[in-house]
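First the structure, in the form of structure tokens, and then the observations on it.
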Amino acid sequence: MQTKHFDIHQAFIADLTYGEHAENDVQELLMTMAQGHVEVKADRYRNGRMFIETHHNPQNRRDAKGERIWEKSGIKVTHATWWIYVVSPNCMHVIPVQRIKNYLTKNRDKLRKTQSGRADNYAHGYLLMPDQVLDMMLNAAYDIVND
């Protein structure tokens with residue numbers, strides 16, 4: 001019986017290359033953090049959900065008709081390139097902003113739009129459930145294509 005030869009060197013080179021790409025991603029993140037291009041949010045309820053703000057109403061402002069005045073905010077206006085979402089102490093998701101935008105664009109009609117806030121700052125946005133957060137982070141459909 002003949003077995004197919006497996007080239008361990010070729011597999012090592014492929015794994016090494018993959019690992020080097022991951023190291024480059026982390027170096028890019030750290031340089032971006034040093035430059036201040038990171039948005040940090042937190043899940044105060046430790047439930048695995050992620051609220052992504054798109055509009056806000058600071059100080060509950062209203063127009064002449066009594067309607068709330070909504071301004072773009074959060075993901076719609078950020079200049080950050082990375083979004084860090086703290087899910088519990090010392091545990092966080094680190095996601096490129098463009099990946100989140102890709103996810104929101106492709107799933108706009110399926111996502112739960114919601115309002116949150118306190119009396120001083122109402123916010124509109126998308127409330128992602130834990131399975132949606134996982135899909136956003138793992139699904140190749142949201143990968144960032146560098147031309």
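The values are calculated or read from the model by the stated rules, or taken from the named source; none is laboratory data. Everything numeric in this text was worked out from a predicted model, so none of it was measured. All Cβ positions, glycine included, derive from the backbone under ideal geometry; neighbour counts span all protein chains shown.
Please work out which residue is surrounded by the most Cβ atoms within 10 Å (Cβ to Cβ), limiting yourself to region 78-94 and to residues that are without any contact (Cβ under 8 Å) to a residue 40 or more places away in the chain and outside any loop (DSSP other than H, G, I, E, B). Residue satisfying both the conditions and the ranking: MET92. Of the set (1) under 23 Å from GLN132 (Cβ atoms); (2) of a type in the set (D, E, K, R); (3) not in a loop (DSSP other than H, G, I, E, B), all apply to ARG44 but (3).
To keep it simple, each residue is scored yes or no on (1) in contact with a helix residue (DSSP H, G or I) (Cβ under 7 Å, 6 or more places away or on another chain); (2) among the charged types (D, E, K, R); (3) on the phi < 0 side of the Ramachandran plot; (4) modelled with pLDDT of 90 or more.
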site: ILE8; (1), (2), (3), (4): no, no, yes, no
site: HIS21; (1), (2), (3), (4): no, no, yes, no
site: LYS76; (1), (2), (3), (4): no, yes, yes, yes
site: THR81; (1), (2), (3), (4): yes, no, yes, yes
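Across region 53-68, the qualifying residues are those that are in a strand (DSSP E or B) and closer than 30 Å to TYR85 by Cβ, and the one among them that is farthest from the chain's Cα centre (by Cα) is ARG68.
For ILE75, state whether it is within 21 Å of ASN139 (Cβ to Cβ) and in a helix (DSSP H, G or I).
Yes; evaluated as a whole, the condition is true for this residue.
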